[in-house]
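Engineer: Got a structure for you, written out below as structure tokens; questions coming shortly.
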Amino acid sequence: MTPTPKQPDATVSQKRQHPVIAIDGPAGAAKTTLAAHLARRFGFLNLETGAMYRALALKAIENDYAFDEEDPLMDLAARTRITLEPQVEGNRVLLDSIDVSRRIREADVTSAASKISVHPRLRAWMVQQQRALGQAGGVVMEGRDIGTAVFPDAEVKIFLDAAPEVRGNRRYRQAIPESLPSDPKAYQNTYRQAPDPLTADQQRLAEEAIIRELKDRDYRDRHRAESPLQPAPDAVILDSTAMTLDQVLARAEEIVRSHLPREAS
């Protein structure tokens with residue numbers, strides 16, 4: 001059985017030479033985009049912890065594991081090596097030394113990752129891995145419980161949120177960029193795939209399906225027994241519902257600077 005990870009020492013953050021920036025929030029809130037920007041802006045490493053859940057979910061899919069049975073998933077995790085290699089434009093994700101960076105972004109893996117993440121012992125195993133990655137500081141980590149469970153002593157905590165309808169629209173435009181008018185800079189992802197043109201009704205139904213999936217995922221994340229999705233008490237809430245991407249990035253930079261020593265900002 002995987003041991004329960006110890007709670008981080010409250011004095012750890014005082015010993016770090018560089019801070020941990022924790023970004024939490026629901027699916028589709030553009031946490032990955034924000035984390036990559038802040039990492040580049042402040043010269044930190046961007047460690048996308050959600051990719052770790054996706055990688056394990058992919059292995060579960062490939063080996064035909066049930067997502068609702070924790071013990072087999074724990075056995076699978078014990079035989080799994082997940083490596084994040086920060087790159088300029090995002091993480092390279094290796095699953096047992098195989099590059100799965102693109103595959104883990106596909107819809108079936110995204111859905112499976114949300115389902116396996118509800119298991120308490122599996123989350124504890126993931127937390128151990130994530131703390132090891134970021135314990136030295138100088139990192140931006142994004143996920144759903146970074147500021148509450150992984151690094152409750154993080155020097156900077158941002159909870160990035162938006163209405164599900166707005167997040168769904170962004171996700172839809174990511175998947176089908178030419179179907180709807182949009183700012184070409186807005187919430188871009190390198191894994192976009194262009195489908196055949198859709199009718200107006202097909203566009204509406206496709207977007208509604210994405211919004212329903214996000215709401216279902218929100219419910220699972222907010223109601224799971226272990227580390228439910230919620231802002232840390234000392235997190236700064238950044239609601240991007242009525243904001244452009246540039247406004248979100250600028251506001252996040254202000255938040256980070258306000259929490260860092262003057263010489264570091």
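The values are calculated or read from the model by the stated rules, or taken from the named source; none is laboratory data. It should be emphasised that the depicted structure is a prediction, and the values quoted were computed from it without experimental measurement. We place every Cβ from the backbone using ideal geometry, glycine too, and count neighbours over all the protein chains shown. Surface accessibility is based on the protein's heavy atoms, side chains included, excluding ligands, DNA and RNA. Shrake-Rupley method; radii C 1.70, N 1.55, O 1.52, S 1.80 Å.
Engineer: For the stretch 58-112, which residues satisfy the criterion of being aliphatic (A, V, I, L, M), exposed (fewer than 14 other Cβ atoms within 10 Å of the Cβ) and in contact (Cβ under 8 Å) with a residue 40 or more places away in the chain?
Structural biologist: 78, 88 - these are the residues of the stretch 58-112 that are aliphatic (A, V, I, L, M), exposed (fewer than 14 other Cβ atoms within 10 Å of the Cβ) and in contact (Cβ under 8 Å) with a residue 40 or more places away in the chain.
Engineer: With in contact with a strand residue (DSSP E or B) (Cβ under 8 Å, 6 or more places away or on another chain) and of a type outside the set (S, T, N, Q) as the only criterion, which of 224, 251 stands out?
Structural biologist: 251
Engineer: State all residues of the stretch 135-186 that are part of a helix (DSSP H, G or I), open to solvent by 30 Å² or more (accessible area, probe 1.4 Å) and either at pLDDT below 90 or aromatic (Phe, Trp, Tyr) (or both); if no residue qualifies, say none. Spell out the reasoning first.
Structural biologist: Initially, the stretch 135-186 is screened for residues part of a helix (DSSP H, G or I), giving 146-150, 164-175.
Checking the rest, the ones that are also open to solvent by 30 Å² or more (accessible area, probe 1.4 Å) come to 148, 164-166, 169, 171, 173, 175.
Residues satisfying the conditions are 164, 165, 166, 169, 171, 173, 175.
Engineer: Shifting gears a bit: Looking at 207, 226, 254, can you tell me which residue is at pLDDT 85 or above and either in contact with a helix residue (DSSP H, G or I) (Cβ under 6 Å, 6 or more places away or on another chain) or surrounded by fewer than 18 Cβ atoms within 10 Å (Cβ to Cβ) (or both)?
Structural biologist: Numbers: 207 fails: at pLDDT 85 or above; 226 fails: at pLDDT 85 or above.
From the options 207, 226, 254, the qualifying one is 254.
Engineer: Applying the selection to the stretch 29-44, what residues are open to solvent by 10 Å² or more (accessible area, probe 1.4 Å) and either closer than 25 Å to residue 207 by Cα or of a type in the set (Gly, Ala, Ser) (or both)?
Structural biologist: The answer is 30, 31, 32, 33, 36, 43.
Engineer: Looking at (1) open to solvent by less than 90 Å² (accessible area, probe 1.4 Å); (2) out of contact with any Leu (no Cβ under 7 Å at 6 or more places or on another chain); (3) modelled with pLDDT of 85 or more; (4) farther than 17 Å from residue 146 by Cβ, which is the only condition residue 236 fails?
Structural biologist: Single failed check for residue 236: (4).
Engineer: Give me the helices (runs of 4 or more DSSP H) completely within the stretch 24-111, filtered to those with at least 2 residues that are closer than 27 Å to residue 255 by Cα and among the aliphatic types (A, V, I, L, M), ordered by residue number.
Structural biologist: In the stretch 24-111, 31-42, 50-62 are the helices (runs of 4 or more DSSP H) which contain 2 or more residues that are closer than 27 Å to residue 255 by Cα and among the aliphatic types (A, V, I, L, M).
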